[in-house]
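The values are calculated or read from the model by the stated rules, or taken from the named source; none is laboratory data. Just so it is clear, the model here is predicted, and its values are computed rather than measured. Glycine also receives a Cβ, built like all others from the backbone with ideal geometry; neighbour counts cover every protein chain displayed.
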Amino acid sequence: MSFIILKNIVKEYGPAHALRGVSMEIQKGQWVNIMGPSGSGKSTLLNIIGGLDTPTSGEVFVEGIKINALSEDDLACFRREKTGFVFQQSHLVPYLDAVENVMLAQYFHSMADEEEAVGALTRVGLEHRLKHRPSQLSGGEQQRICIARALTNDPVLLLADEPTGNLDRENTKMILELLKKLHSEEHFTIILVTHDPFVSQWGERVLMMEDGSIKSDAPINP
Amino acid sequence: MPPLIHEALLIGFKEAAKAGLVWLVFYSYLVVNDRKNFVKPFYMGLLVSFLIVFMSQFLPSDIVTKENAGNIISMSFALFLIMSGAALFHVSGTNMLSISASGYGSTLPEETQVPSLKPAAWGIIVLLFTVIFFAPDGMGSLLQLRELSYIKGRGSMSYISALIGVAVVAAVLFTVVGLYKPYKIGGFFDVPQLLLFLAMVKLFGSGAKEFAELSLLPSVQRGFMKFAHDFVHQVFLFLMVPDHPLLKATFWNFIGIFFGPDFASLVSLIILLLFPFMFLYHSLRETLPEPETRSVAEGRKIKAFILSGRRKRALPVACFIVLILIAWFSRSEETIMQMYLPKPIPVVADRGVVMIPVRDPTMNVMDGSLHKFSVSYEGRQYRLILIKKWDNTLAAALDACEMCPPEGYGLRDDHVVCIYCGTPIPVNTLGLPGGCNPIPLAFTIEGGFVKIEIHDIVKKWGFIKPLQGKESMH
């Protein structure tokens with residue numbers, strides 16, 4: 001059975017159709033990129049898979065759980081236990097340092113553990129920036145904290161919405177290499193939304209979206 | 001229909017409220033932890049308790065039976081208190097039932113696991129504890145009802161009143177539980193907390209001295225005071241302190257601080273609070289077990305689960321501490337300090353014999369109260385006491401003991417109390433020599449008079465060596 005199954009997902013915002021009957025399957029441990037122009041519905045699709053949004057109709061299964069049928073509490077539990085998010089903006093708490101930002105995610109999952117948070121930041125190569133606040137860090141470093149924060153609770157699914165959208169090419173490459181390394185070590189599933197053709201070439205599979213529908217679904221040649 | 005007896009109604013209210021509260025907490029605990037199969041031994045325990053209480057109807061109606069019932073209630077309280085501490089250490093503060101219900105049990109180290117007794121063994125334990133909890137209190141209440149029935153002279157009306165009290169509480173309880181199903185409170189308890197809860201219900205809801213008495217606190221205070229006194233006393237005796245010729249008055253007075261009601265009351269409060277504070281420390285400070293899990297995040301989640309459970313279960317314990325403190329300080333004045341202190345009635349020695357009328361228009365030495373007398377002989381004053389014991393015999397003694405300065409005794413409940421050191425001495429032990437007991441005197445009752453040889457009084461007052469030394473201090 002596939003890790004993620006989407007059946008005829010429709011999302012409407014009043015008269016506007018964000019998704020028009022999207023169906024697809026994603027295997028466990030796969031890295032899937034979703035490409036498309038602005039307004040094509042890729043972020044909406046990502047949010048629905050991650051339980052941040054609900055479809056107007058259709059069914060979403062993650063690890064066999066029908067998440068669009070979950071209550072608010074169960075959905076929060078699903079997001080807490082199963083998923084990690086990385087967004088274009090870092091959304092780090094500005095008055096907390098790097099370790100504390102990671103510990104905050106641990107706190108909402110279970111309980112804060114400083115030693116473990118330091119370990120997570122070391123894994124993304126930020127062992128020398130532990131006590132720095134977001135404003136004292138570069139955009140690339142901030143995104144690396146976000147990755148450490150997203151992965152500290154050991155999610156099975158990492159959802160990244162334009163994670164390199166604010167970065168230059170060098171930092172983009174560094175983040176993607178980091179994701180590739182962590183993905184090969186820990187085998188979590190990645191769904192990454194981007195409009196950057198360079199980014200879309202990383203991973204194993206790329207979906208092209210347009211006007212709320214999937215236009216193409218192709219493997220990426222290594 | 002004759003009017004209800006209010007005291008009996010209150011007894012019914014009290015016992016039903018206690019039983020209802022215990023049932024609610026225990027049942028909720030079983031529901032939350034998915035162990036409803038243990039509710040059957042609980043009900044069986046209630047049935048056995050009821051049979052024991054019924055049988056106690058045939059016990060003799062005297063003060064000794066009542067005193068014994070009070071002692072059993074106090075002992076069952078102490079048992080639950082001590083068992084709660086023992087359980088806390090044994091189960092290490094981890095609610096294994098909830099852990100096992102959550103599926104985390106296998107991830108934790110073996111030493112944190114719950115003792116692997118068979119369900120039947122746990123069933124017997126539940127049954128036994130139910131009986132130990134309910135039977136003594138039930139017996140005490142039944143004795144009170146029987147006494148009420150006798151005093152009020154209205155036959156079975158006291159029992160009917162109590163049953164009405166029980167029925168009212170049961171109706172309220174069933175309505176509340178039926179409407180709100182407040183089983184979530186079970187999540188605040190683990191086995192040690194349950195035992196502590198039972199001890200606290202006994203502390204605040206038991207009492208065998210008076211009708212519908214709501215607290216064991218006076219008994220506990222007296223018990224702890226006696227313990228504190230005896231401990232200090234024995235230590236100094238072991239060090240031969242009282243007999244030491246070099247001791248000065250100030251030193252003896254210093255020792256007296258340990259015997260005094262203020263200090264002993266404080267120490268006894270500390271001893272009582274020791275258990276709840278032990279629980280709080282364990283809940284909030286004890287190291288968490290390290291689960292063996294696939295990922296560190298999962299291990300952290302299990303630790304958070306245990307920690308949050310511990311914090312949750314610290315909440316009722318914190319409430320107990322507040323309740324104990326409020327009850328202790330609000331009751332301590334009335335229970336510890338209030339003492340009957342009669343003035344000595346002067347009597348004379350006629351031809352070497354002190355003669356005190358057993359009854360006259362102003363006094364009856366057999367009325368159960370403390371009676372003090374003073375006698376002047378060869379220029380010195382001596383004091384003596386008379387009091388009726390529980391077996392309806394009279395006790396005569398000097399108004400002094402071998403240990404303390406001779407400030408005499410007062411009466412509080414069923415104890416004479418040394419005014420100097422605050423030691424409570426059960427009235428039925430009067431007449432026995434030694435220690436803190438008033439020094440007994442030989443006497444006869446002839447022609448309606450209590451007769452005591454003056455030379456016995458003089459000899460015993462004078463023979464007490466520490467007394468002589470200390471007497472000069474005052």
Just to be sure I understand the filter: pairs with C-beta atoms under 8 Å, separated by 6 or more residues or on different chains, first member in the range B:294-316 and within 11 Å of chain A (Cβ to nearest Cβ), second member polar (S, T, N, Q) and surrounded by fewer than 16 Cβ atoms within 10 Å (Cβ to Cβ). Which pairs pass?
B:Phe305/B:Ser102
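Condition check ((1) of a type in the set (Lys, Arg); (2) within 18 Å of B:Thr130 (Cα to Cα); (3) not in a helix (DSSP H, G or I)) across all residues:
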| residue | (1), (2), (3) |
| --- | --- |
| B:Leu10 | no, no, no |
| B:Lys18 | yes, yes, no |
| B:Val22 | no, yes, no |
| B:Val25 | no, yes, no |
| B:Asn37 | no, yes, no |
| B:Pro41 | no, yes, no |
| B:Met44 | no, yes, no |
| B:Val48 | no, yes, no |
B:Pro3 fails exactly one of (1) within 23 Å of B:Ser149 (Cα to Cα); (2) in contact with a Phe, Trp or Tyr (Cβ under 7 Å, 6 or more places away or on another chain), namely (2)
Options A:Glu177, A:Glu186, A:Glu204; residue that is surrounded by fewer than 22 Cβ atoms within 10 Å (Cβ to Cβ) and within 14 Å of another protein chain (Cβ to nearest Cβ)
A:Glu186
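Give the residues of the range A:168-222 that are in a helix (DSSP H, G or I) and of a type in the set (S, T, N, Q), sorted by residue number. Steps first, please.
If we filter the range A:168-222 for residues that are in a helix (DSSP H, G or I), which is where we start, we get A:169-186, A:197-200.
Across the range A:168-222, the qualifying residues are A:Asn171, A:Thr172, A:Ser184, A:Ser200.
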Among (1) charged (D, E, K, R); (2) within 30 Å of A:Met24 (Cα to Cα); (3) in contact with a Lys or Arg (Cβ under 9 Å, 6 or more places away or on another chain), which single condition is A:Asp97 missing?
(2)
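Rundown of residues vs (1) over 21 Å from A:Val10 (Cα atoms); (2) in contact (Cβ under 8 Å) with a residue 24 or more places away in the chain, yes/no style:
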{"residue": "A:Gly51", "(1), (2)": "no, yes"}
{"residue": "A:Ser71", "(1), (2)": "no, no"}
{"residue": "A:Asp74", "(1), (2)": "yes, no"}
{"residue": "A:Thr83", "(1), (2)": "yes, yes"}
{"residue": "A:Tyr95", "(1), (2)": "yes, yes"}
{"residue": "A:Gly125", "(1), (2)": "yes, yes"}
B:Lys303 vs (1) basic (Lys, Arg); (2) crowded, with 20+ Cβ neighbours inside 10 Å; (3) modelled with pLDDT under 85: all pass except (3)
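Return yes when A:Ser216 is under 17 Å from the mean Cα position of the chain (by Cα) and of a type in the set (Ser, Thr, Tyr) and no when it is not. Full working, then the answer.
On the way: under 17 Å from the mean Cα position of the chain (by Cα): no; of a type in the set (Ser, Thr, Tyr): yes.
Here the answer is no, as A:Ser216 does not meet what is asked.
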List the number of the failed condition for A:Val32; all other conditions in (1) assigned to a strand (DSSP E or B); (2) surrounded by 16 or more Cβ atoms within 10 Å (Cβ to Cβ); (3) over 15 Å from the mean Cα position of the chain (by Cα) hold.
(3)
Please find, among B:Leu179, B:Leu148, the residue that is in a helix (DSSP H, G or I), in the same structural domain as B:Met83 (by TED's automatic domain parsing) and in contact with a helix residue (DSSP H, G or I) (Cβ under 9 Å, 6 or more places away or on another chain).
B:Leu148
Can you confirm whether the range B:338-349 contains a residue that is buried (at least 16 other Cβ atoms within 10 Å of the Cβ) and either within 14 Å of chain A (Cβ to nearest Cβ) or part of a strand (DSSP E or B) (or both)?
yes
Members of the range A:56-91 found to be acidic (Asp, Glu), under 18 Å from the mean Cα position of the chain (by Cα) and more than 30 Å from A:Ser138 (Cα to Cα), listed by number:
A:Glu63
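Restrict the check to the range A:179-188 and report whether at least one residue is closer than 29 Å to A:Ile9 by Cβ, small (Gly, Ala, Ser) and out of contact with any Ser or Thr (no Cβ under 9 Å at 6 or more places or on another chain).
Step one: list which residues in the range A:179-188 are closer than 29 Å to A:Ile9 by Cβ, which gives A:179-180, A:182-183, A:186-188.
Subset that is small (Gly, Ala, Ser): none.
No, that holds for no residue.
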Flagged in the range A:105-138 as within 20 Å of A:Glu177 (Cβ to Cβ) and surrounded by 17 or more Cβ atoms within 10 Å (Cβ to Cβ), in numbering order, are A:Ala120, A:Leu121, A:Arg123, A:Val124, A:Leu126, A:Arg129, A:Leu137
Across the range A:104-160, what is the total count of residues that are within 11 Å of chain B (Cβ to nearest Cβ), polar (S, T, N, Q) and assigned to a loop (DSSP other than H, G, I, E, B)?
3
Name the residue, out of B:Asp360, B:Asp367, B:Asp414, B:Asp399, that is modelled with pLDDT of 85 or more and among the acidic types (Asp, Glu).
B:Asp399
State yes or no: is B:Ala400 part of a strand (DSSP E or B) and either in the same structural domain as B:Ile454 (by TED's automatic domain parsing) or polar (S, T, N, Q) (or both)?
no
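If the requirement is being assigned to a helix (DSSP H, G or I) and crowded, with 21+ Cβ neighbours inside 10 Å, which of these qualifies: A:Ile48, A:Ile9? Can you show your working first?
Numbers: A:Ile9 fails: assigned to a helix (DSSP H, G or I).
Going through A:Ile48, A:Ile9 in turn, just one is assigned to a helix (DSSP H, G or I) and crowded, with 21+ Cβ neighbours inside 10 Å: A:Ile48.
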So for the range B:377-385 (the condition being outside the structural domain of B:Leu216 (by TED's automatic domain parsing), closer than 25 Å to B:Gly448 by Cα and part of a loop (DSSP other than H, G, I, E, B)), does at least one residue qualify?
no
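Only one residue in B:Glu298, B:Glu333, B:Glu286 is acidic (Asp, Glu), surrounded by fewer than 19 Cβ atoms within 10 Å (Cβ to Cβ) and either modelled with pLDDT of 85 or more or in contact with a strand residue (DSSP E or B) (Cβ under 7 Å, 6 or more places away or on another chain) (or both). Which one? If you could, list the steps in order and put the result at the bottom.
Details: B:Glu333 fails: either modelled with pLDDT of 85 or more or in contact with a strand residue (DSSP E or B) (Cβ under 7 Å, 6 or more places away or on another chain) (or both); B:Glu286 fails: either modelled with pLDDT of 85 or more or in contact with a strand residue (DSSP E or B) (Cβ under 7 Å, 6 or more places away or on another chain) (or both).
Matching residue, one of B:Glu298, B:Glu333, B:Glu286: B:Glu298.
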Within the range B:31-52, work out how many residues are surrounded by fewer than 19 Cβ atoms within 10 Å (Cβ to Cβ) and under 19 Å from B:Gly309 (Cβ atoms).
3
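For the range A:130-144, which positions are of a type in the set (Lys, Arg) and either at pLDDT 95 or above or touching an Asp or Glu at 6+ places or on another chain (Cβ under 6 Å) (or both)?
A:Lys131, A:Arg133
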